[in-house]
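The values are calculated or read from the model by the stated rules, or taken from the named source; none is laboratory data. If you're wondering where the values come from, they're calculated on a predicted model, not measured in any experiment. SASA here: full protein model, heavy atoms, side chains in, ligands and nucleic acids out. Shrake-Rupley method; radii C 1.70, N 1.55, O 1.52, S 1.80 Å.
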Amino acid sequence: VDTDYSSYAIMYELQQSGQEPSTSLQLLTRGKDVSPELLQKFKQLFSAVHLTEDMLAILPETGECQGGTG
């Protein structure tokens, strides 16, 4: 949906498998800190795709990307 190609990306996914469609919106960042403006933009998009704040989950930091093995 949106990115600045250096610090964040907002990804939207709609899956149409089965009876009910499944919608997700993710804010992915390279750093720990999220600006208030970016968080506001994300929340506006969240509402635009008909998700509610009770569906919002903030996941813990996972650290740096790990390379695959094999």
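Could you report the chain's accessible area per residue, 1.4 Å probe, as an integer in Å²?
Counting only protein heavy atoms, the per-residue value for the chain is 87 Å².
What percentage of the solvent-accessible surface of the chain, computed with a 1.4 Å probe over protein heavy atoms, is contributed by carbon and sulfur atoms?
Details: 3140 of 6110 Å².
C and S atoms contribute 51 percent here.
Through the Karplus equation 6.51 cos²θ - 1.76 cosθ + 1.60, θ set to phi - 60°, convert the phi angles of region 44-51 into ³J(HN,Hα) values in whole Hz; use x for Gly and Pro.
5, 5, 4, 5, 5, 9, 6, 9
Enumerate the calculated ³J(HN,Hα) couplings along region 8-14 in order (Karplus 6.51 cos²θ - 1.76 cosθ + 1.60, θ = phi - 60°), each rounded to whole Hz, writing x wherever the residue is Gly or Pro.
Going residue by residue, I get 8, 8, 10, 10, 10, 9, 10 Hz, with x marking Gly and Pro.
Which entry in (i) 7.9; (ii) 6.9; (iii) 5.0 matches mean projected area of the Cα convex hull in nm² derived from the coordinates of this structure?
(ii)
Averaging sequence separations of C-alpha pairs under 8 Å and six or more residues apart, then dividing by the length of region 2-50, give the relative contact order as a whole percent.
Details: 44 pairs, mean separation 14.6, N = 49.
It comes to 30 percent, rounded to a whole number.
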